[in-house]
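First up is the structure itself, then whatever we jot down about it.
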């Protein structure tokens, strides 16, 4: 697959793939689209592929804990979990528009490179906008858009792309921020070592009222062992969407030379 020469860029390809998922009348389309996005992300950037799988698990654990605690319960109970969990992988879908010498740079990004990296947010929102042409359920798209658009916003307003503050940030984005940063901390990346689960948890907890919604951090404190177990369980096993590789190749062949 890595030698395929494509006429379209990454996010245009992924939009067509997920559009074809709909028209192919596959069962459980939202999960199928999520699986294909995960596989394409793994193809484009191996750290992203595993990352989106783990963040699904972290987010589900956080949502379940919040409901159990009665925190943001009215909003959470209004969500359709059959739609929100498959929407999680779309938070980083825009990274397929970022060149690999930036994604895999073994060191700190320059200011100019970081500005390019930040565009993955807008590119991800654009992918989801294109998906809207293909008839995906509106609540699935709404959750996917919130994940993509808001997962780099910070509670104190210092995040990007919009500098939203506090509860101006959609709840999906606030929850995803905890899952996303935890996984970035605990994972080895080209530019950093992997932090231990204890170090990662400490950084999340210290980020309350600054990076993270303090109410979500309170829930996270009850889940530190669960998060560590998820990170351990999903780092050495074959990706659960591995059986979709043949489908992905077939879809790519329709848009690649």
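On inspection, residue 220 fails the criterion of being in contact with a helix residue (DSSP H, G or I) (Cβ under 7 Å, 6 or more places away or on another chain), surrounded by 14 or more Cβ atoms within 10 Å (Cβ to Cβ) and free of Cβ contacts under 8 Å to residues at least 24 places away in the same chain.
If you go through segment 65-80 and keep only what is in a helix (DSSP H, G or I), without any contact (Cβ under 8 Å) to a residue 40 or more places away in the chain and within 24 Å of residue 224 (Cβ to Cβ), you end up with 67, 68, 73.
For segment 99-108, what are the residues that are surrounded by 15 or more Cβ atoms within 10 Å (Cβ to Cβ) and within 23 Å of residue 149 (Cα to Cα)? Write out each step before concluding.
Keep residues of segment 99-108 that are surrounded by 15 or more Cβ atoms within 10 Å (Cβ to Cβ), which gives 102-103, 105.
Scanning segment 99-108 gives 102, 103.
I'd like to check something: does segment 52-64 contain any residue that is without any contact (Cβ under 8 Å) to a residue 24 or more places away in the chain, exposed (fewer than 15 other Cβ atoms within 10 Å of the Cβ) and within 21 Å of residue 215 (Cβ to Cβ)?
Applying the first criterion (without any contact (Cβ under 8 Å) to a residue 24 or more places away in the chain) to segment 52-64 yields 64.
If we keep only those that are exposed (fewer than 15 other Cβ atoms within 10 Å of the Cβ) as well, we get none.
The answer is no, given that none of the residues of segment 52-64 is without any contact (Cβ under 8 Å) to a residue 24 or more places away in the chain, exposed (fewer than 15 other Cβ atoms within 10 Å of the Cβ) and within 21 Å of residue 215 (Cβ to Cβ).
Limited to segment 86-102, what total is found for residues that are free of Cβ contacts under 8 Å to residues at least 60 places away in the same chain, under 17 Å from the mean Cα position of the chain (by Cα) and over 13 Å from residue 53 (Cα atoms)? Residues that pass the stated criteria total 2.
Each value in this text was obtained by applying a stated rule to the coordinates, not by laboratory testing. Just so it is clear, the model here is predicted, and its values are computed rather than measured. Counting neighbours? That spans all protein chains shown, and the Cβs are built from the backbone with ideal geometry, glycine included.
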